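A short reminder: the numbers here are calculations on the coordinates, not readings from a lab. A quick note: this is a predicted structure, and the numbers were derived from the prediction, not measured. All Cβ positions, glycine included, derive from the backbone under ideal geometry; neighbour counts span all protein chains shown.
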Amino acid sequence: MHRIQDAKKRWEFMCGEDSSLLIAMNKAGAKYIPVGCRAGGCGVCKVKILSGECHTKTMSRAKVTELDEARGVVLACRAYPRSDMVIDVAVKNEIKQ
């Protein structure tokens with residue numbers, strides 16, 4: 001299990017490597033990250049990884065470009081942690097680069 005924490009250390013939850021960040025958050029009964037389609041298409045759950053590593057599944061390139069992903073921007077519904085992580089949750093679906 002890996003500790004997922006927001007950049008301002010206001011909240012955290014645990015997530016295994018076999019679960020997406022969004023599913024683990026929901027299982028923890030929390031509502032820290034906005035929830036949309038849960039399938040990588042809508043972009044509502046966009047987050048920026050500030051530290052840590054994850055594996056991602058297919059995400060809409062209209063919502064997360066290859067450059068965004070290279071900069072650590074991912075969709076929480078498609079991100080599976082490989083370590084503890086610190087993330088920044090998008091406000092109104094915008095990530096500050």
Report summary line: Label model pair A28, T56: point-to-point distance (7 angstrom along the Cα→beta-carbon line) in nm is 2.1 nm
**Report entry** Nonlocal Lys pairs with alpha-carbon distance under 19 Å, the chain (8 or more apart, or different chains)
**Finding:** 23
**Report entry** Segments 25-36, 78-89 sorted - mean Cβ within 10 Å per residue, highest first
**Finding:** 78-89, 25-36
**Report entry** Relative contact order (%) - the range 2-89, alpha-carbon pairs under 8 angstrom, separation at least six
**Finding:** 39 percent
Requested in this report: Please report, largest first and rounded to whole Å, the three semi-axes of the ellipsoid equivalent to the range 2-89, where each semi-axis is the square root of five times an eigenvalue of the C-alpha gyration tensor.
Outcome: 18, 14, 12
Report summary line: Per-residue Cβ contact counts at 10 Å, fewest first, order L75, L22, L50, L67 as L67, L50, L22, L75
